[in-house]
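Participant: One structure follows; several queries about it will come next.
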Amino acid sequence: MEHPILFLNILFEKLGLPIVGAEQAHTFLEKMLQPHVTYTWVVMLILLVLGRIAVKRIEMVPKGGQNFFEVVVTGIEDFMIGVTGEEGRFLFPLIATLGLFILVSNYLGMIPGFFSPTANLNTTGACALIVVVFTHVVGVKFHGAKYLKHFLGPVWWLMPLILPIEIIGHLARVLSLSIRLFGNVFGEELVLGILFFLAGLYLAPLPMMFLGLFTGLIQAFIFSLLSMMYFAGAIEEAH
């Protein structure tokens, strides 16, 4: 989806940098100036600033911003441990980072002139690959070579049937995580763009924007929850 106005694109054009569509991007610089890449850096900058604000003045008795951030972080960690168990506590930084990155990315596209990195399949696919690959890292960490039992089935003579099914199922996780997130955010961006173009002066996009606040949170939650469940499955013993 090509946006009519993107602030960073305007800035790059003023600086004389090459701005082309995704199909025409061939050089490294042209690919790095694609909206889903440049606005990913914006999201990372926002998260760094928020992190800096959260730890700027840490007090024994939290108040104000520290109190808010502690509630958010503690809530995410407690919920994650409820899904993965105490053994999965070390996964909290990854889960929290992915969840907050996706949430901010979803919300960024609701601001005129900005773009949601999660409205591009490259971004959601990268997040999904991180989760699926790290799932197997977790499995090997907890079970070593015995982790292969997760793919072989309960009895050896079912291995020719179970193994292909398991491989397809794990590959499908990448598609499930990435396409679900991409489709919802892209559809929301498309509807907002149409409403702004047709009736932006009459506040017609406002109801969709309020709905977007809710769906953006839900999509970040679903991605994080599925990731937790995949990690929990890798931690469990194979049966």
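Quick note: the coordinates plus some simple rules give every number you see, no bench work behind them. Just so you know, these numbers come straight off a predicted model, no measurement behind them. No Cβ is skipped: glycine too gets one built from the backbone with ideal geometry, and neighbour counts run over all protein chains shown.
Participant: Under a 5 Å amide H to amide H cut-off, with H placed in plane at 1.01 Å, what residues pair with Gly109 once short-range neighbours are removed?
Facilitator: Placed amide hydrogens put Ser116 under 5 Å from Gly109.
Participant: Just want the ordering: Glu13, Glu77, Glu189, from fewest to most Cβ atoms lying within 10 Å of their own Cβ.
Facilitator: Glu13, Glu77, Glu189
Participant: Would you mind putting 171-178, 86-93, 99-106 in packing order, based on average other-beta-carbon counts within 10 Å, highest first?
Facilitator: 99-106, 171-178, 86-93
Participant: So, one more: Among His136, His150, which comes first, second and so on when ranked by fewest other beta-carbon atoms within 10 Å?
Facilitator: Fewest to most other Cβ atoms nearby, the residues stand as His136, His150.
Participant: Using r as the Cβ-Cβ distance of Glu30 and Ile130, and R0 as 22 Å, what FRET efficiency do you calculate, to the nearest 0.05?
Facilitator: 0.30
Participant: At a Förster radius of 30 Å, what calculated FRET efficiency corresponds to the Cβ-Cβ distance of Leu206 and Ser176, to the nearest 0.05?
Facilitator: 0.40
Participant: Same structure, new question: Quick one: order Tyr230, Tyr39, Tyr147 by neighbouring beta-carbon count within 10 Å, fewest to most.
Facilitator: Tyr147, Tyr230, Tyr39
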